[in-house]
Amino acid sequence: MHYGLGIDAGGTYTDAVIVRGSDGAVVDSKKAFTTYSDLQKGIRNVLDALDQNFLKDVNLVSVSTTLSTNSLLEGTGASVGLILVGEHIVEKDLPTDHVQWISGGHDTRGDEEYSLDLASVREFALQTKDKVSAYAVSAYFGARNPEHELKVKETITEITGMPVVCGHELSQELGAYERAVTAILNAQLIPITYHFVNSVVEDIKSRGIEARMLMLKCDGSVYNIEDALEKPIETIFSGPAASLLGASYLSRIETCAVIDVGGTSTDVSMLYHGVPEISSSGAVVGGWKTRVRAMKMETSATGGDSHVWVRDERICVGPRRVIPLCVAASIYPGFNSKLKRGKLISRGLLDENYQPTKFFVATDYQATSLGKQEKAILSVMGEEPLSINEIALSLKREPSSEVLDSLINKRLLQAIGFTPTDALHVLGLYNEWNTAASEMGAINLSRYARQGKHEFCMSVRETVAKNLASDLMSFILPHHPPDMIADLLSTSYPAKFKVEIPVVLLGGPVKAYADELRSVIDAEVIVPEFAEVGNAVGALAGKGVKRIEISIVPTSIQNPDEDFLVFSPVGRKRFQTYADAVEFASDLGKKLVLEYEKRCGILKEDTKITLSRKTHSPDNWSHPPLETKVIVVGVGNPMMVLKE
């Protein structure tokens, strides 16, 4: 009997499931905390908890993660040096401070327009090799002819030995700036992806498991895990992609909306006839527009571990993630005593850090480039959580909220606080952790909102449910202002939004929000079995999908019947006749698709290939098209190996 192992490393939890190949049933599932400072520890913990009798017979492993997305959103990626090649690239903001513009580049036909200035490349590499961890290169019309990008890559590699990412390796679409952004972000992710992939590979191999290893991409397809090391940018939003596929797999519904409530955030997306809706403009990450094909989705900062805090008697949920009080009490033996002895905080001081239920604990991360105040705060931190009052007592002054934020952003401090998960513990709707800690936290915090503890927790639950409904309707109605949607979701009107397709909920305690969600929108709300590990299921449900797009253009409009250029992912080729160019493009596309599927462990006979052509010509044109795009798409199911 063969089994598949799905792993999802989220911002809060790492989930794992084992699926039986013969019938696709989930036979075991577990959760463990994601351990940022040592990712292998969290992976080892979750795999140790699985039934080892099933685990030893696993022959397919597929992984998804939000670590790449979180790294880019939090600005914790590696430093990157960028070389832009060309005289015509528009100067815009870029996600790196180390940028060098040099002469070079090609024209629309892929012919060299300016000579490449390799002397400037060498000088830049020598100046920056001690300041960055990787390099990115983007050349003007590098998608038409990658020669200059490849020469720059060769030169930098020779001097620095560091990873170098070329824009043409990630996208064949035109737009040197967007390819540059994509290449920079990809280079930033190489270290964290290498760390994560190696953690998974080493753990699997240490158990003697011989399995094909795949990773989910942000469009819902999978690729070989070694390819993920070269193109980690394609793993951004693979977590939400996994939730969409997992929701469909578990609910057995092919057209649905999905709300995935994680510890850190909530993602909303949609599936039509089993296919995710893909964004035509490319993924936007942390405000940066890329050339990465990703599914459409809406993300908000509401999660089960969002910080619940009070200011001016108003209950706020998020945007920061904290360790819930109930979880902290399970980790730190004396934590409940600290909560009980906690001192009141003046209402005038209340902000996200100055809360009666907010605590801080040092992490295992190594501190570098710290300011005087940051060093002072870290000097009083130990292995046990401290409240804001305890930190102030040790420092003999009140710590700056901005400095605390800085230490949290650098992951040198981990915050603990009241969360929606704590509210559900108080209400008796979820009791996975220490309910007593949640009870004390609710008592301490609710007085600042002038409510009783149960009323306070009901308000938190209602706020989260309305946030989920708002996220869903904002996704469905993208052209309507959020304020209008929020107003219509209030209880002020005898009317509701009606959603015509099922809404599937995924995440830990989502059952607790199902009825509340039904009260604010008219929809069939479904919580499938194994909803708490839906992302790990989705990691296994991804298909091996590869799309190759190859362009054909005549070398001259004056003589459009002969001499054609073919632009493909492997470079530029020239053909005398249009028929020869089309034949080459079609054959090359099929070859590249089958190579990709083979790396995913999918056999040629199990790969479905479709070939299409898009042409562009003026009206009344009697010659071969001015532009032809040959599109080859291959689709295979990696889980077929489980049925053998």
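Take each peptide in 366-375, 151-160, count the other Cβ atoms within 10 Å of every residue, and average; sorted highest first, the result is 151-160, 366-375.
Taking all protein chains together, I7, I190, I331 sort by accessible area into I331, I190, I7, largest first [probe 1.4 Å]. Sorting the segments 438-449, 104-115 by their residues' average number of neighbouring beta-carbon atoms within 10 angstrom, most packed first, yields 438-449, 104-115. When only alpha carbons are used to place a centre, the stretch 509-536 and the stretch 571-589 end up 51 Å from one another.
With 23 Å as the limit on Cα-Cα distance, the pairs of K546/K614; K30/K340; K340/K511; K217/K614 that go past it are K30/K340; K340/K511; K217/K614.
Compute the Cα gyration tensor for the stretch 478-635, then decide on rounded, prolate or oblate, letting a ≥ b ≥ c be the square roots of its eigenvalues: rounded whenever a/c is under 1.5, prolate when a/b is larger than b/c in the other cases, and oblate in all that remain. The shape class here is oblate.
Of all DSSP beta bridges confined to the chain, the antiparallel ones make up roughly 65%. For W621, the accessible area of its heavy atoms, probed at 1.4 Å with every protein chain present, is near 70 square angstrom.
Labels on offer are [x] 46, 30, 24; [y] 42, 34, 23; [z] 36, 32, 26, and the one holding semi-axes √(5λ) of the Cα gyration tensor in Å computed from this structure is [x]. When you count the other C-beta atoms within 10 angstrom of each residue and take the mean per peptide, 415-428, 377-390 line up highest first as 415-428, 377-390. Over the chain, DSSP H runs of length four or greater, each weighted -39,500 (n - 2.57), average out per residue to a 222 nm ellipticity of -11000 deg cm²/dmol. Rolling a 1.4 Å probe over the protein heavy atoms leaves F360 with an accessible area of roughly 0 Å². Entry note, the chain: relative contact order of 14 percent, from Cα contacts under 8 Å with a spacing of 6+ residues.
The values are calculated or read from the model by the stated rules, or taken from the named source; none is laboratory data. Because the structure is a prediction, the values reported are computed rather than measured. In this analysis, Cβ positions are derived from the backbone assuming ideal geometry, glycine residues included, and neighbour counts consider all displayed protein chains. Protein only, heavy atoms only, side chains kept; ligands, DNA and RNA dropped before computing areas. Shrake-Rupley method; radii C 1.70, N 1.55, O 1.52, S 1.80 Å.
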